[in-house]
Amino acid sequence: MKYLPGWTTKIDEISNGVFKVTLRDPYGRLAELTDIATEETVVRAVGYAFDIEKQVSKNWNRFLYDLAQLLLPVSKITSKMHDDNTFGSWYIELKGENRALYDGRDCLLIFQRLRGVEWIDQLVVKRDELTYSNFANLISKVGE
């Protein structure tokens, strides 16, 4: 399973019930964790890689856009757009009149709901507040 765009994930059982999760980006950066809990270990290791990406990525906005698409069911996406000409801003609209919008200029992730013909902000998250876990949770909620 692919957990982060551009990162490869390797999970090894190095001892009975002990797992080593390694994520590697194309530049050789690593996020690793060894622990006994399988799914929790994977999520924590992915979170470490997400933090690395947030700190060093030259294309953070595109990374978030690709990650959102990876986490959302394709069948729920009705419209999407990423635009490098507007600071890498993007949106993904979903069935049920919800959308996730990233304002690349102000580095804000905005969750909106359609009311009539107007999109109303439901939640605004600053870039510094984003972690893998809260991003995944928020994206899954907008997809409900």
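Before moving on, here are some points about what is shown:
- Scanning the range 97-125 for residues that are in contact with an Asp or Glu (Cβ under 7 Å, 6 or more places away or on another chain) and more than 21 Å from Asn59 (Cβ to Cβ) returns Arg99, Gln112, Arg113, Leu114.
- Ile110 being of a type in the set (A, V, I, L, M), outside any helix (DSSP H, G or I), more than 13 Å from the chain's Cα centre (by Cα) and surrounded by 13 or more Cβ atoms within 10 Å (Cβ to Cβ): yes
- Total residues in the range 1-58, condition of a type in the set (D, E, K, R) and within 30 Å of Phe87 (Cβ to Cβ): 8
- Against the test of being among the charged types (D, E, K, R), in contact (Cβ under 8 Å) with a residue 40 or more places away in the chain and outside the structural domain of Glu32 (by TED's automatic domain parsing), the options Lys80, Lys76, Lys126 yield a single qualifying residue, Lys76.
- For Lys58, the stated conditions do not hold, so it cannot be described as among the charged types (D, E, K, R) and within 18 Å of Ser140 (Cα to Cα).
- The residue that is surrounded by the fewest Cβ atoms within 10 Å (Cβ to Cβ), counting only those in the range 113-126 that are among the β-branched types (Val, Ile, Thr) and part of a strand (DSSP E or B), is Ile120.
The values are calculated or read from the model by the stated rules, or taken from the named source; none is laboratory data. No experiment lies behind these values; they were computed from the predicted model shown. Note that each Cβ is placed from the backbone with ideal geometry, even for glycine, and that neighbours are counted across all protein chains shown.
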